[in-house]
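Taking it in order: structure first as structure tokens, then the write-up.
The values are calculated or read from the model by the stated rules, or taken from the named source; none is laboratory data. Keep in mind it's a predicted model, so treat the numbers as computed, not measured. As a convention, Cβ positions derive from the backbone with ideal geometry for all residues, glycine included, and neighbour counts pool all protein chains shown.
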Amino acid sequence: MLKAAIVGASGYAGHQLASIILRHPQLELAALYVSPQSADLNRRISELYGDLAGRCDLQLQGLSLEDVPAAAADLDLVFLATAHQTAHDEAPLFIAGGCTVFDLSGAYRVPQADFYTAYYGFAHEHQDLFAKTCYALCEWCDRKELQAASLISLPGCYPTVSQLSLRPLYEAGVIDPTVRPVINAVSGVSGAGRKAALSNSFCEVSLNAYGLFTHRHQPEISYHLGHQVVFNPHLGSFKRGILATTTCRLAPGKTLADAKAALRQAYADKPLVRVKDGTVKLQDVQGLPCCDLSVAGDNEYIVVSGAIDNLLKGAAAQAVQACNLHYGFEETSALW
């Protein structure tokens, strides 16, 4: 059994990680950490999340930067479900202590220093770590690179569904590379995290666009696709899930049938992507570790619909999927 810990365990993604790890046959949940300033410090996680009662009574321990080397000595791997700069600071110390790091934050997603000053508000001081990092969009990343990496960076939730929607179409030459796809994506309020704020209160949230042409996930999507996109995020008054509809212009001579064939061929052997006829629905993926895709269109344009649970395929489940692939476990172990 490999000993695993979660940093940022009191958050929504941390809760999902704990639930998955507890049923994983090759992982032992050894420790749960929060910031020393957290209001949840020293509480049992089952007090926060009643579904873990009788399954996990670990306490939420405080973890400062100075505590990381000692914590790492007792672990094989760690999941960082923390603020971006916290993950930036802690990841090198966990790696130095012999841990494999699975980072759910944005701290190591794009190997460009100016990306972090522009979109995350801090200077990236560990550019050397990108040589040891694998960006783990699991259906598309290089498996040998993933197995060799000591730092596995998980894509953002919006970039996950967006790239899964578009990558097969670019690879197959189905869509016109000179016309930017337009991604309209709606997320539930859990994407904003557990900390209470007016901006994610159900009494305040309406269906609205935000971050137009300024959202940090646009450059992440464009960088890893190798193509620029227009990205329009929206916030909806529901708990969890993302529905993205992406409008693309077909390449000359290509058809809707070609788009359908590209999706089905790309994901025929990928257990956590389901290509469907008709439309996809949030309710079909909420609580599940998979992405549902479908495509509709006419003679000139297609619309790809994608749905994920932002806390699972967009965060915790993809992190454990990457863990399974890294260690050579069954890809879907503990996920279904």
* Can you name the residue in region 107-149 that is of a type in the set (A, V, I, L, M) and within 30 Å of residue 265 (Cβ to Cβ) and is also surrounded by the most Cβ atoms within 10 Å (Cβ to Cβ) among such residues? -> 136
* In region 270-294, what residues are over 20 Å from residue 334 (Cβ atoms) and crowded, with 18+ Cβ neighbours inside 10 Å? -> 275, 280, 282, 292, 293, 294
* Among the residues of region 278-310, which ones are over 14 Å from residue 185 (Cα atoms), outside any loop (DSSP other than H, G, I, E, B) and among the aliphatic types (A, V, I, L, M)? -> 295, 296, 302
* Asked: Scanning region 25-46 for residues that are touching a Leu at 6+ places or on another chain (Cβ under 9 Å) and farther than 20 Å from residue 64 by Cβ, which turns out surrounded by the most Cβ atoms within 10 Å (Cβ to Cβ)?
  -> 27
* To do: Evaluate region 257-269: report whether one residue or more is in contact with a helix residue (DSSP H, G or I) (Cβ under 9 Å, 6 or more places away or on another chain), part of a strand (DSSP E or B) and surrounded by 21 or more Cβ atoms within 10 Å (Cβ to Cβ).
  => no
* Asked: Hey, among 272, 256, 250, 235, which residue is within 22 Å of the chain's Cα centre (by Cα), at pLDDT 95 or above and of a type outside the set (Phe, Trp, Tyr)?
  -> 272
* Asked: Given the conditions (1) crowded, with 20+ Cβ neighbours inside 10 Å; (2) farther than 24 Å from residue 106 by Cα; (3) small (Gly, Ala, Ser); (4) not assigned by TED's automatic domain parsing to the domain that holds residue 182, and given that residue 333 satisfies all but one, which numbered condition is not satisfied?
  -> (1)
